[in-house]
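A.B. asks: I'd like to ask you about the structure that follows.
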Amino acid sequence: MFALRLATLADLPEVFPRTRRLNDHEGIGISDERLENGLRALLGNPGFGGCWLVTRDSEAIGYAIVTFGFDLEFGGREGWLTELWIDADQRAHGAGTAALKLLEDELRARDVQALHLQVRKENPAMRLYQRAGFKASPRVVMTRLL
């Protein structure tokens, strides 16, 4: 049985190695210090969003991070699924699908009106997101580092 559990600062040792693996897997160059500081800020401030541990039979097998924004186009609070990670040996058993479904109730309870994500076209997870009802936006996401 899959479930979600909102992570706290006490879960940092459970979450951090997985965030490190995700960033390495995606080729995102970020130092351990910067990654840990960001994760600490998120886990310590629910106004930023949340990190949920994905569990199977009460054992953590991954995590999902959603950060919050606000947009009148969507009627208020919006969420960005910035990370979804399922441990390699737990993939292809429905954990990702279950996590996305379970996140819906978590986010509705936090008054989130829309959920966005970014995915590379070649990422096999795109099929997961499409099956979960995500559609390509007519907008192009652009980023400027500050």
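The values are calculated or read from the model by the stated rules, or taken from the named source; none is laboratory data. Please read all numbers here as calculations on a predicted model, not as lab measurements. All Cβ positions, glycine included, derive from the backbone under ideal geometry; neighbour counts span all protein chains shown.
A.B. asks: Restricting attention to the range 43-60, which residues are farther than 19 Å from Glu104 by Cα and buried (at least 21 other Cβ atoms within 10 Å of the Cβ)?
C.D. replies: Result: Leu43, single match.
A.B. asks: (1) more than 17 Å from the chain's Cα centre (by Cα); (2) surrounded by fewer than 10 Cβ atoms within 10 Å (Cβ to Cβ); (3) within 24 Å of Ala41 (Cβ to Cβ); (4) at pLDDT 85 or above: which one isn't true of Asp71, the others all being true?
C.D. replies: Just one mismatch for Asp71, condition (2).
A.B. asks: On to the next question. Give the range 125-145 a look and list any residue that's part of a helix (DSSP H, G or I) and either in contact with a strand residue (DSSP E or B) (Cβ under 6 Å, 6 or more places away or on another chain) or of a type in the set (A, V, I, L, M) (or both), or say none. Steps first, please.
C.D. replies: At the first step, the residues of the range 125-145 found to be part of a helix (DSSP H, G or I) are 125-131.
Those that are part of a helix (DSSP H, G or I) and either in contact with a strand residue (DSSP E or B) (Cβ under 6 Å, 6 or more places away or on another chain) or of a type in the set (A, V, I, L, M) (or both): Ala125, Met126, Leu128.
A.B. asks: Against the definition (of a type in the set (Gly, Ala, Ser), within 18 Å of Ala99 (Cβ to Cβ) and more than 12 Å from the chain's Cα centre (by Cα)), how does Ser58 come out, yes or no?
C.D. replies: Working: of a type in the set (Gly, Ala, Ser): yes; within 18 Å of Ala99 (Cβ to Cβ): yes; more than 12 Å from the chain's Cα centre (by Cα): yes.
Yes.
A.B. asks: Looking only at the range 4-22, filter to residues that are under 13 Å from Ile86 (Cα atoms), assigned to a helix (DSSP H, G or I) and not charged (D, E, K, R); which one of those is farthest from the chain's Cα centre (by Cα)?
C.D. replies: Pro17
A.B. asks: Test Thr82 against the stated conditions and say whether it is at pLDDT below 95, surrounded by fewer than 18 Cβ atoms within 10 Å (Cβ to Cβ), within 12 Å of the chain's Cα centre (by Cα) and closer than 24 Å to Asn123 by Cβ. Talk me through it step by step, then tell me what you get.
C.D. replies: Numbers: at pLDDT below 95: yes; surrounded by fewer than 18 Cβ atoms within 10 Å (Cβ to Cβ): yes; within 12 Å of the chain's Cα centre (by Cα): yes; closer than 24 Å to Asn123 by Cβ: yes.
Yes; evaluated as a whole, the condition is true for this residue.
A.B. asks: Being in a helix (DSSP H, G or I), modelled with pLDDT of 95 or more and farther than 21 Å from Leu100 by Cβ: is that true of Leu35 here?
C.D. replies: Details: in a helix (DSSP H, G or I): yes; modelled with pLDDT of 95 or more: yes; farther than 21 Å from Leu100 by Cβ: yes.
It is true that Leu35 is in a helix (DSSP H, G or I), modelled with pLDDT of 95 or more and farther than 21 Å from Leu100 by Cβ.
A.B. asks: Filtering the range 89-110 down to residues that are aliphatic (A, V, I, L, M) and modelled with pLDDT of 90 or more, which residue is surrounded by the fewest Cβ atoms within 10 Å (Cβ to Cβ)?
C.D. replies: At the first step, the residues of the range 89-110 found to be aliphatic (A, V, I, L, M) are 92, 95, 98-100, 102-103, 107, 109.
Now narrow it down to the ones that are modelled with pLDDT of 90 or more: 95, 98-100, 102-103, 107, 109.
On the way: Ala95: 19, Ala98: 17, Ala99: 26, Leu100: 21, Leu102: 16, Leu103: 22, Leu107: 22, Ala109: 8.
The qualifying residue surrounded by the fewest Cβ atoms within 10 Å (Cβ to Cβ) is Ala109.
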